[in-house]
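Here is the structure we will look at.
The values are calculated or read from the model by the stated rules, or taken from the named source; none is laboratory data. Owing to the predicted nature of the structure, the values given are computational and were not obtained by experimental measurement. Glycine also receives a Cβ, built like all others from the backbone with ideal geometry; neighbour counts cover every protein chain displayed. When the accessible area is computed, the model is the full protein with side chains, heavy atoms only, and any ligands, DNA or RNA have been set aside. Shrake-Rupley method; radii C 1.70, N 1.55, O 1.52, S 1.80 Å.
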Amino acid sequence: MKVMIVVTHLLGTGHLSRALTLGRAFVQDGHQVLVVTGGMPAPQLNVTGMTLLGLPPLRSDGTDFTRLLTQTDEVADVAYLAGRQAALVEAVRSFAPDVLITELFPFGRRSLSAEFIALLKAASALPKRPVILGSIRDILAPPSKPSKATRAEEIVLTTYDGVLVHSDSQMVSLDVSWPVSERLRPRLYYTGFVAPDAAPPHPDALGQGEVLVSAGGGSVGQPIFRAAIEAAQKMTNRRWRLLVGGQDAQVRIAQLSDLVGIANVTVEPVRPDFRQMLRHAAASVSMCGYNTALDILQAATPAVFVPFDDGNEVEQTLRAQSLSDQPGVALVASHDLSGASLAQAVDRVLNAPARPVPDHGFDGAAKSVEIAKALLERRG
C-alpha cells in the first residue's frame with residue numbers, strides 16, 4: 001500500500017512530529033510512505049523508512065496564520081504559493097497513492113486552502129482514486145465563525161472517506177472544541193492517541209532529579225525559559241535544564257545564558273533523547289501541545305503546563321485543563337507566569353502523589369493504519 005501524508009507546520013513542529021509518527025506506523029506495517037512537508041526544515045525529527053519531500057517552506061508570522069513567510073522572512077507571494085501548489089499536485093500524480101492523508105486540513109490551514117483543494121482534485125482525478133483521510137489531533141482551534149465549520153464539513157462530506165481523530169472519545173471528544181454535526185459524526189474515526197512507543201530509561205540516567213524545561217520546536221517559549229531561570233534562582237536545591245528549539249535557537253540560548261548568573265541552570269539545544277530524560281526528571285515544565293503532553297503522560301513525570309495562548313489560541317489551555325485533575329499536574333496560565341508562580345507550581349507537583357504510568361490508549365498510529373487498510377479493502 002502506498003501512503004502519502006501531507007502536512008505543513010507553521011509555528012512549532014508538533015504537526016510534523018505527529019505526522020511522522022503516523023508515517024512510521026505505516027512503514028512498520030510494510031507500506032511505502034511519502035511525507036510531503038510544507039513547513040520549515042526540522043532535521044532533528046526521525047524520518048527513518050519514509051521518503052520526505054519538502055515544498056518551498058513556509059512559516060506563520062508568529063501567531064498570525066494568515067501572514068505566511070518564506071525561509072528568508074519575506075511574505076510569500078502569489079508565485080511562491082503557486083510553486084508549492086504545482087509541486088504538491090505533481091507529487092500526488094507521480095506517487096499515485098492508495099491512501100492520501102491531509103494533516104489538519106480542512107479543519108485548519110485555511111490560508112493554504114488553494115493548494116489543498118488542488119491536491120484533492122488531482123487525487124480524485126487519478127485513474128485509481130485513493131482513500132482520502134483527514135488527520136486531526138484531540139483538540140482543534142474552535143472555528144471563529146459558523147461558516148468555517150460549515151465549509152470544513154462540506155469538504156469532508158464531498159471529498160473525504162473519513163477523518164482520523166487522534167484521541168480517545170471517552171477522554172476528549174472532538175465536540176469539546178468543534179461543532180460536530182450529525183452529518184459529520186459518522187465520518188469520524190477515533191484512533192486513540194498517536195504517540196511513539198514509550199521511551200526506555202536513558203542509558204546514562206541523564207536528567208536524573210532535574211527540572212526539564214522545554215517549549216517545542218518553535219521560538220514562542222522564551223517567556224517560559226526566562227521564568228524558569230528566575231524560579232531556579234529561588235529553588236537552589238535543583239538543577240534546571242532548559243532545552244531550546246527553533247530556527248533561532250543559538251541566538252536565544254546566548255540571550256538566556258546571560259540571565260543565568262550563578263543559578264543551577266543548564267541551557268542547551270533540544271535533544272533527541274528528551275523523552276528518555278523525562279523518565280528520570282524530577283519534574284517537567286512545558287507548554288501543552290499534543291505531542292509534549294503525551295510524552296509526559298507516558299513517562300508519568302510530574303508536570304507544570306504553561307499553555308500557549310497567544311493570538312487567542314485555546315487548544316493548549318483546553319488540553320491542560322483536561323489533564324489538571326491528575327496527580328502531579330499543575331497549570332500556570334501565561335498571564336500568571338513569573339519566577340515565583342512557576343517555582344510554587346513546581347514545588348506542588350514535586351510533592352504530589354505519584355501518577356501511574358498508563359498502560360493503554362497510546363496506539364493511535366497503529367489503529368490509524370488498520371482503519372486505512374479497512375477502508376481501502378471496503379472499496380475493493
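Below, the figures for the structure above:
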quantity: Single match in Leu52, Leu20 (criterion: of a type outside the set (Ser, Thr, Tyr) and more than 19 Å from Thr191 (Cβ to Cβ)); calculated: Leu52
quantity: In the stretch 347-376, residue nearest to Pro196 (Cα to Cα) [restricted to those that are β-branched (Val, Ile, Thr), surrounded by 15 or more Cβ atoms within 10 Å (Cβ to Cβ) and under 24 Å from the mean Cα position of the chain (by Cα)]; calculated: Val369
quantity: Selected residue (criterion: most open to solvent (accessible area, probe 1.4 Å)) from residues of the stretch 128-162 that are outside any helix (DSSP H, G or I) and over 24 Å from Glu370 (Cα atoms); calculated: Lys145
quantity: Answer from Val36, Val89 - the residue that is among the β-branched types (Val, Ile, Thr) and under 20 Å from the mean Cα position of the chain (by Cα); calculated: Val36
quantity: Residue that is surrounded by the most Cβ atoms within 10 Å (Cβ to Cβ) [pool: residues in the stretch 321-332 that are in contact (Cβ under 8 Å) with a residue 24 or more places away in the chain and farther than 18 Å from Val211 by Cβ]; calculated: Leu323
quantity: Enumeration of residues in the stretch 316-334 that are at pLDDT 90 or above and in contact with a Phe, Trp or Tyr (Cβ under 8 Å, 6 or more places away or on another chain); calculated: Gln316, Arg319, Ala320, Val329, Ala330, Leu331, Val332, Ser334
quantity: Search result, residues across the stretch 110-145 that are more than 19 Å from Glu377 (Cα to Cα) and in contact with an Asp or Glu (Cβ under 7 Å, 6 or more places away or on another chain); calculated: Ser135, Ile139, Leu140, Ala141
quantity: Residue under evaluation Ala352, criteria (1) assigned to a helix (DSSP H, G or I); (2) closer than 21 Å to Thr236 by Cα, criterion not met; calculated: (1)
quantity: Members of the stretch 83-105 found to be open to solvent by less than 10 Å² (accessible area, probe 1.4 Å) and touching a Lys or Arg at 6+ places or on another chain (Cβ under 7 Å), listed by number; calculated: Pro97
quantity: Output for the stretch 121-164, where each listed residue is in contact with a strand residue (DSSP E or B) (Cβ under 7 Å, 6 or more places away or on another chain) and either of a type in the set (A, V, I, L, M) or touching a residue at least 60 places away in the same chain (Cβ under 8 Å) (or both); calculated: Ala123, Pro130, Val131, Ile132, Leu133, Ser135, Ile136, Val156, Asp161, Gly162, Val163, Leu164
quantity: Close pairs (6 angstrom Cβ cut-off, 6 or more residues apart or separate chains): more than 28 Å from His9 (Cβ to Cβ) in the stretch 228-250, among the small types (Gly, Ala, Ser) anywhere; calculated: Glu230/Gly339; Ala231/Gly339; Ala231/Ala343; Ala232/Ala263; Gln233/Ala263; Lys234/Ala343; Met235/Ala343
quantity: Close pairs from the stretch 23-37: first farther than 11 Å from Val47 by Cβ and open to solvent by 40 Å² or more (accessible area, probe 1.4 Å), partner at pLDDT 95 or above and not in a helix (DSSP H, G or I), Cβ under 6 Å, at least 6 apart; calculated: Gln32/Lys2
quantity: Filtered residues of the stretch 342-360 (kept if touching a helix residue (DSSP H, G or I) at 6+ places or on another chain (Cβ under 9 Å), of a type outside the set (A, V, I, L, M) and touching a residue at least 60 places away in the same chain (Cβ under 8 Å)); calculated: Pro358
quantity: Qualifying positions in the stretch 289-314 - touching a Phe, Trp or Tyr at 6+ places or on another chain (Cβ under 8 Å) and charged (D, E, K, R); calculated: Asp295
quantity: The listed residue being more than 22 Å from Val176 (Cβ to Cβ), touching a helix residue (DSSP H, G or I) at 6+ places or on another chain (Cβ under 6 Å), open to solvent by less than 30 Å² (accessible area, probe 1.4 Å) and at pLDDT 90 or above, out of Ala299, Ala303; calculated: Ala299
quantity: Residue count for the stretch 266-286, restricted to those that are open to solvent by 20 Å² or more (accessible area, probe 1.4 Å), in contact with a helix residue (DSSP H, G or I) (Cβ under 6 Å, 6 or more places away or on another chain) and not basic (Lys, Arg); calculated: 2
quantity: Wholly enclosed strands (runs of 3 or more DSSP E) of the stretch 43-112 bearing at least 2 residues in contact with a Pro (Cβ under 9 Å, 6 or more places away or on another chain); calculated: 99-103
quantity: Residue match in the stretch 61-82 (condition: among the hydroxyl-bearing types (Ser, Thr, Tyr), surrounded by 14 or more Cβ atoms within 10 Å (Cβ to Cβ) and under 19 Å from Ala141 (Cβ atoms)); calculated: yes
quantity: Some residue of the stretch 307-330 being in a loop (DSSP other than H, G, I, E, B) and polar (S, T, N, Q); calculated: yes
quantity: Number of positions in the stretch 315-359 that are among the basic types (Lys, Arg) and closer than 25 Å to His15 by Cα; calculated: 1
quantity: Enumeration of residues in the stretch 163-179 that are crowded, with 17+ Cβ neighbours inside 10 Å and among the acidic types (Asp, Glu); calculated: Asp168
